[in-house]
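**Q** The following block contains the structure, expressed as structure tokens.
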Amino acid sequence: MPAAAKAPHRDQVRATLVTLVFVVVLVLILQLFVLEAFVIPTGSMAETQLGYHKNVVCQQCQYGFPVNCSDEVERPSRDTYVYGYKCPNCQNVGMVDWNDRVSPTSGDRVLVHKAMSADERGQVVVFKYPVAPQKKQQAQNYIKRCVGFGEETIALAYGDLYVAKALKYADRTRPDDPRDAWQEAFTFPRDPAALALFADGKAKGFPAGIDGFELFRKPDELAMAMRRIVYDNDFQPADLLGKVPPRWATRSGEGAGWAAEDAKPAKAFTHQGDAIGWIGYRHSVKARDGDNAPQKITNGMGYNGGLGYGDSDQPTRLRSLKSDVGGSENLWVGDLMLECAAKLEAGSQLTLELSKGEHRYQATFADGQVTLVCTGPGNWPPVTRPTPISKPGTYQLRFANVDCRLRVWVNDTAIDFGAEADYPPTADGKEDHPNNLEAPAGVAAKGTVAVSGLKLWRDTHYTPDFFRSVTTRDTVETYYVHPGHYLCLGDNSAQSSDGRTWGVVPERLMIGRAVFTFFPVHRIGVIR
């Protein structure tokens, strides 16, 4: 009888051991075949995914942002310490406290689904670096965004992505070993046939179809994931207040009815009256040099603006560790996104406007509807859709002009315009047009309206070859992707070693799709 009394305890212990063994085996199987964790070391995907970085808060505008410090961690030396920054919001060049150095933060930790490969353009993937899959017994894993698939020719032009499927390059030299088809030479960069096809498509307005190049228009969620800050009006630089005109202000001669709720700083605006009045944005980024003239919005990023010391401990020796490669970080970006909180009273009307060259694109909210119009050369019939704005109240509004597609959100819900919100890529020219300087973004109102939380973003801008000197936005690059391969590019185009320089990724080296960021805590979420 005593022995029988102990049997349940032994059964419980055995069950616990069996469960533990099962869990361990399951975890090992998941890691081997399904899920694996990776740490991102570099900033080639910034700011979608971060490598080693320092979290900095600008001393003037209090805007927080990450600064690349991969070199400081991986190749530590006196010259690679990052002690300073250039704020992406207010352009202030500041110092991290010398006596309280900001410690590097590890890169994002991501989960990779090894059973999933890229099946849609724009997905983030992890793969073994084709040039050197291993280095000193360590796997060289890269993370990039998949933009091209087998038998496609990809063109990078004007910051956007174009795709053609008709070109086969039958008479071009192929590698002796098919396993070498990933190499850059066999992507036939800037092939004459591809450039001719692109020029023909441009002349025709890039019509949809498989016979020529077609613009890739990012889905809305991808456009949101790849946007980069231009200016957040809630974070205004203290050293410029009252000394230079603010970036957001009433437009000269057009500001009827508008008043700033608080003069210093003007973070909110109210409109009264039946006359339509405008407030506008001017990108005056050199104000600290005494130059308040507006500049074109470019694809520079604060993440690349780390500053370090040369051969001295004195702050005067600050120098840039991440130079503008070939001038590519100074290229004009015309794809913008504007958002705000708008308090609308009965009978009021609000218009959000974004300019691109000689055209001004507008989204007007009135009577529970939103109407898209375009001012400038050519005919654009107005397009109207209903919105959730059914009564007076405060609404979060967002208007974007990305990839030659106009997009509208109300309270984070996208309004579906279908193809009626698309326009031909050839309509985005005129880089030096005054609109890009004096009126890249604006807000108009009629009736009683209050606007706050103004934020202006830009789209990720694909630049040409990472190592080539680039001074013009008109440069066109083309790359062919062999069957069974993928073209993968980094989101931080000006600071990314990717398919533009070393070629494409063979399927045998593809590890899987990056699906989730699980650390640090404030960055937890699904990867877009």
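Values quoted throughout were computed directly from the atomic coordinates according to the rules given, and no laboratory measurement underlies them. Since the model is a prediction, treat every value here as computed from it, not as a measurement. Here the Cβ positions follow ideal geometry from the backbone for every residue, glycine too, while neighbour counts run over all protein chains shown.
**Q** Only four residue types carry charge here, +1 at the Cβ of Lys and Arg and -1 at the Cβ of Asp and Glu. Report the dipole size of region 98-241 about the Cα centre in Debye, rounded to the nearest 20.
**A** About 420 debye.
**Q** Which of the lysines could be linked to Lys128 by a straight reach, that is with a Cα gap under 25 Å, when you skip same-chain ones fewer than 8 residues away?
**A** Qualifying lysines at Cα under 25 Å: Lys114, Lys136, Lys144.
**Q** Among 384-390, 51-57, 371-377, 516-522, what's the highest-first ranking by average C-beta atoms within 10 angstrom per residue?
**A** Descending mean neighbour count gives 51-57, 371-377, 384-390, 516-522.
**Q** Full-extension gain between Lys135 and Asp474, please, as 0.36 nm times their residue separation minus the C-alpha to C-alpha distance. Mind showing how you got there, number by number?
**A** Numbers: separation 339, 0.36 × 339 = 122.04 nm, distance 3.78 nm.
So the extension gain works out to 118.3 nm.
**Q** Which distance in nm do the two modelled labels at Thr375 and Val526 give, with both placed 7 Å along the Cα-to-Cβ direction?
**A** 3.9
**Q** Would you pull out the residues with amide H under 5 Å of Tyr63's amide H, same chain only if 5 or more places away, H placed 1.01 Å from N?
**A** Amide H neighbours of Tyr63: Cys58.
**Q** How large is the translational diffusion coefficient of the chain in µm² per second when you combine the Kirkwood radius over alpha carbon pairs with Stokes-Einstein at 10 °C and 1.306 mPa s?
**A** Result for D is 62 µm²/s.
**Q** If you add up the charges near Leu437, with Lys and Arg at +1 and Asp and Glu at -1, over every other residue whose beta carbon is less than 9 angstrom from its beta carbon, what do you get?
**A** With Lys, Arg at +1 and Asp, Glu at -1, the net is 0.
**Q** If r is the Cβ-Cβ distance from Ala414 to Ala196 and R0 is 45 Å, what FRET efficiency results, to the nearest 0.05?
**A** 0.75
**Q** Next question, about the same structure. Counting only other residues whose beta carbon sits under 10 Å from that of Val125, what net charge do I get with K and R as +1, D and E as -1?
**A** Within the 10 Å Cβ shell, the charges total +3.
**Q** Here's another thing I want to ask about it. Can you spot the lysines whose alpha carbon is less than 16 Å from Lys296's alpha carbon? Ignore those fewer than 8 places along the same chain.
**A** Partners within reach: Lys286, Lys356, Lys430.
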